[in-house]
């Protein structure tokens with residue numbers, strides 16, 4: 001039975017890139033029944049997109065999202081990796097709405113939801129450098145995928161190269177902190193209760209405090225390294241973390257049921 005979720009918020013899927021964990025995302029999407037979906041940017045990685053690389057499991061994610069959009073509202077907020085869609089902002093097709101940012105009121109609270117690349121100096125001043133960095137990041141993720149395949153085959157635990165680099169490099173940690181503080185400060189000045197971003201691949205749920213007040217800062221993370229999503233249910237947000245063991249157990253149960261049904265027939 002599918003788990004009910006009032007609002008599902010995803011970002012940074014990077015479909016079409018080697019690093020995208022589409023198989024895991026498909027399992028997750030099949031397990032829930034959302035009443036609203038917000039896709040907060042970098043859903044399709046148009047920077048890395050190549051016709052020769054578009055696996056079936058990436059297409060299945062798109063099909064699942066379209067299926068959801070046939071029943072409930074789906075907001076697609078553009079990011080920097082799918083910025084080509086920004087020329088079509090405010091396009092509506094049934095329940096699917098393409099926007100650059102989203103302002104919502106949820107249970108009396110004001111929300112400001114956007115991808116977050118607006119704060120990225122590299123994006124504004126040196127786009128070619130940002131794209132070059134994205135290629136390097138994708139190569140790192142691809143190498144990490146190969147290493148993790150070897151580790152798993154040996155019964156060892158997976159590891160994340162990029163997480164280790166981010167945690168050990170002071171500039172990366174400082175950038176994340178500055179990003180969160182900037183988003184929070186602007187949200188407070190504009191009297192929002194929540195500010196919700198993606199972009200930096202850093203899942204977070206925290207309160208940001210300044211002299212002018214406070215705001216709840218949320219970041220849904222990504223489906224390359226962290227495999228996270230934000231879920232809203234019963235008046236509060238929670239951070240979902242993909243659990244491979246949980247789905248493996250569930251799939252074994254489903255296979256057993258199918259086997260027993262065939263045997264009884």
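Order of 190-200, 216-226, 87-97 by packing, highest average Cβ count within 10 Å first? Could you put the intermediate results ahead of the total?
Numbers: 190-200: 21.5, 216-226: 23.7, 87-97: 12.0.
Descending mean neighbour count gives 216-226, 190-200, 87-97.
With the convex hull built on the Cα atoms of segment 1-71, state its orientation-averaged projected area in nm². Each step should come with its number before you reach the end.
On the way: hull surface 18.9 nm².
Averaging across all directions leaves 4.7 nm² for the Cα convex hull.
Cut-off is 10 Å between beta-carbons; in what order do 232, 242, 76 appear when sorted fewest neighbours first? Present the calculation step by step, with values, prior to reporting the outcome.
Details: 232 20, 242 16, 76 24.
If I rank by nearby Cβ atoms, fewest first, I get 242, 232, 76.
Taking a ≥ b ≥ c as the square roots of the Cα gyration tensor eigenvalues, with a/c under 1.5 meaning rounded and otherwise prolate when a/b beats b/c, else oblate, which class fits segment 30-86?
Values: a/c = 2.77, a/b = 1.35, b/c = 2.05.
Note, shape of segment 30-86 comes out oblate.
Given a cut-off of under 8 Å on Cα pairs at least six residues apart, what relative contact order in percent is computed for segment 50-124?
Working: 74 pairs, mean separation 17.5, N = 75.
Rounded, it is 23 percent for segment 50-124.
Obtain the nm distance between the two label points defined at residue 177 and residue 248 by a simple spin-label model: each point lies 7 Å from its Cα along the Cα-to-C-beta direction.
3.8 nm
May I ask you to derive the FRET efficiency for residue 236 and residue 189 from their Cβ-Cβ distance with R0 = 35 Å, giving the value to the nearest 0.05? Write down the numbers at each step before the final one.
On the way: r = 25 Å, r/R0 = 0.72.
Efficiency at R0 = 35 Å is approximately 0.90.
Every read-out reported here was derived from the displayed coordinates using simple, explicitly stated rules and does not represent laboratory data. From a predicted model like this one, the values you see are computed outputs, not experimental measurements. Positions of Cβ are generated from backbone atoms using ideal geometry, with glycine treated the same way; all protein chains shown enter the neighbour counts.
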